[in-house]
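The values are calculated or read from the model by the stated rules, or taken from the named source; none is laboratory data. Quick caveat: nothing in here was measured; it's all calculated off a predicted structure. A quick note on method: Cβ atoms are made from the backbone with ideal geometry, for glycine too, and the neighbour counts reach across all protein chains shown. Please note that ligands, DNA and RNA were not included when accessible areas were found on the heavy atoms of the full protein model with its side chains. Shrake-Rupley method; radii C 1.70, N 1.55, O 1.52, S 1.80 Å.
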Amino acid sequence: MSSARDTLDRVFSRYVRLRDCHGGMGRCISCGRPITVSTCDAGHFIPRTHTATRWNIRNVHAQCRECNRMKDGNAAGYRRGLIERYGPGIIEQLTQKSRQTVKLTDNDYRTLTDFFKKQTDQL
């Protein structure tokens with residue numbers, strides 16, 4: 001596994017958790033439970049194995065650890081949360097995007113890492 005990819009995963013996860021927990025508090029996209037930056041995960045609707053959506057900001061949201069880890073992502077609740085947030089077309093958009101083949105280089109990972117670090121600094 002690429003250490004550049006691991007670094008991107010960590011930076012992106014932090015960005016998502018901070019983005020979705022304004023002032024340190026937020027709600028799980030799947031069940032609505034109150035969460036904090038330190039008590040939630042950056043949960044993926046389309047699994048991380050799909051590179052085309054792995055770092056897509058509409059595919060990844062703050063999620064309580066119970067939904068993400070114990071309930072295998074709580075897909076039904078996540079689907080509802082996405083539709084509430086983005087409208088009914090989001091599921092098809094993410095599904096289509098996930099089917100694209102994407103190959104990233106270590107330089108691509110570093111570029112994305114720099115981008116999400118800057119995005120995090122702006123929060």
Problem - Debye, to nearest 20: dipole size of the chain, +1 on Lys, Arg Cβ, -1 on Asp, Glu Cβ - result: 140
Problem - Residue-normalised accessible area of region 1-115, given per residue in Å² at a 1.4 Å probe - result: 57
Problem - Cα-based Rg / Dmax (Å) for region 1-103 - result: 13.1, 37
Handout entry: Local electrostatic count, Leu112, Cβ distance below 13 Å [Lys/Arg +1, Asp/Glu -1]
Key = +1
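Taking Cα pairs under 8 Å and at least six residues apart, what relative contact order does region 1-68 come out at, in percent?
It rounds to 33 percent for region 1-68.
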Practice task
Using only the alpha-carbon atoms of region 66-117, report the extent along each of the three principal axes, biggest first, to the nearest angstrom.
Solution key: 36, 27, 20
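Over region 1-50, what per residue volume does the convex hull of the Cα atoms give, in whole Å³? Spell out each step's value before the answer.
Details: hull volume 3.9 nm³, N = 50.
Cα-based convex hull of region 1-50, divided per residue, equals 77 Å³.
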Practice task
Any chance you could look up the accessible area of Lys117 with a 1.4 Å probe, heavy atoms only, rounded to 10 Å²?
Solution key: 100
Fill in the blank from the handout: A chain fully extended from Asp108 to Tyr86 at 0.36 nm per residue, minus the present Cα-Cα distance, gains in nm 5.2 nm
Handout entry: Relative contact order (percent, whole number), the chain, Cα cutoff 8 Å, 6+ residue spacing
Key = 32
Exercise for the section: Could you pull out every one of the lysines with an alpha carbon less than 22 Å from that of Lys71, ignoring same-chain neighbours closer than 8 positions? Expected result: none
Practice task
Apply the Karplus parameterisation 6.51 cos²θ - 1.76 cosθ + 1.60, with θ equal to phi minus 60°, to every residue of region 102-118 and state each ³J(HN,Hα) to the nearest whole Hz, in sequence, with x for glycine and proline.
Solution key: 10, 10, 10, 9, 4, 5, 4, 4, 5, 4, 5, 4, 4, 4, 6, 5, 5
